[in-house]
Amino acid sequence: MTGWGRLWQRLTRWQRRMILVGGGGLVLWVAAAFLLLLRSRLAQLNAQVRDTEARLKASTVASAQTKDVNRAFDAYQPYAQPGGDAQSESGVVYAEIQSAVRDLGMPLINLKQGGIASGKDTVTVSLECEASPSQLVQLLDRVQRSTHLLKVTGLNVRVTESKNLRVSLVISKLLLGAT
């Protein structure tokens with residue numbers, strides 16, 4: 001036997017048990033300490049995962065919001081175009097109204113540019129035509145949806161003998177950036 005074996009044989013039964021219990025306790029204590037270290041590291045990793053998930057969700061939301069804002073900006077970009085002088089803006093309004101009346105198949109009686117309204121930064125176009133009720137609604141809708149920010153400032157509707165509507169409109173456009 002080796003030196004350790006002889007030493008073990010010299011120990012009493014109670015001493016051997018105490019050494020085994022102490023050694024087992026030491027092994028259990030080292031294992032518990034190791035498990036505690038692993039558990040705290042696992043908690044740190046879980047916290048990092050939660051933090052990263054939260055940042056990823058925030059980035060995803062921000063990305064979606066950026067896309068929505070860009071889409072909205074693109075949709076309103078035509079409205080933000082700078083206008084020209086009063087004469088050119090009057091011509092733009094005239095051409096847009098003339099095109100709308102022609103597209104809707106409405107008989108045009110009179111269409112004239114009104115120029116700049118006194119004391120205001122607006123140009124006007126006067127329109128007189130015949131229309132069915134649905135054509136009138138479509139024309140008013142096109143004026144409302146115009147990217148040139150048109151506004152109906154005068155409207156007079158009469159029924160003719162042929163049961164059509166005789167419509168007189170004054171359509172205005174605000175001159176943006178006018179002084």
| request: Report, ordered by chain and residue number, the aspartates and glutamates lying within cross-link reach of K163, taken as a straight Cα distance under 13 Å and ignoring same-chain residues fewer than 8 apart. | output: E130
| said: Under the rule a/c < 1.5 gives rounded, and otherwise a/b versus b/c splits prolate from oblate, where does region 1-98 land using the Cα gyration tensor? | reply: prolate
| For the Cα atoms of the chain, what angle does the longest principal axis make with the long axis of helix 86-103, in degrees from 0 to 90, nearest 10? | 90 degrees
| Which of these values of P(r) over Cα pairs in 5 Å bins from 0, in percent was calculated from the structure shown: [x] 2, 6, 6, 6, 5, 5, 4, 5, 4, 4, 4, 3, 3, 3, 3, 3, 3, 3, 3, 3, 2, 2, 2, 2, 2, 2, 2, 2, 1, 1, 1, 1, 1, 1, 0, 0, 0, 0; [y] 1, 5, 5, 6, 6, 7, 8, 7, 6, 6, 5, 5, 4, 4, 4, 3, 3, 3, 2, 2, 2, 2, 2, 1, 1, 0, 0, 0; [z] 1, 6, 10, 10, 8, 6, 5, 4, 4, 3, 3, 3, 3, 3, 3, 3, 3, 3, 3, 3, 3, 3, 3, 3, 2, 1, 0? | [z]
| task | Quick one: dipole size for the chain, taken about the Cα centre, charges +1 on Lys/Arg Cβ and -1 on Asp/Glu Cβ, in debye to the nearest 20. | result | 2320 debye
| request: Count charges around V101 for me, please; just the other residues with Cβ under 11 Å from its Cβ, Lys/Arg as +1, Asp/Glu as -1. | output: -2
| task | For L176, list long-range residues whose amide hydrogen, built 1.01 Å from N in the peptide plane, is under 5 Å from its own amide hydrogen. | result | G83
| field | Residues of type lysines that K151 reaches as a straight line, Cα spacing below 20 Å, ignoring anything fewer than 8 places off in the same chain | value | K112, K120, K173
| field | Positive-end residue, the chain charge dipole about Cα centroid, Cβ charges, pick of S168, G3, L28 | value | G3
| query | Under a 5 Å amide H to amide H cut-off, with H placed in plane at 1.01 Å, what residues pair with I109 once short-range neighbours are removed? | reply | E128, C129, E130
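Taken together, the values in this text are just the output of simple stated rules run on the coordinates, not laboratory data. Model, not experiment: these values are computed from the prediction. Neighbour counts are summed over all protein chains in view; Cβ atoms, including those assigned to glycine, are modelled from backbone coordinates with ideal geometry.
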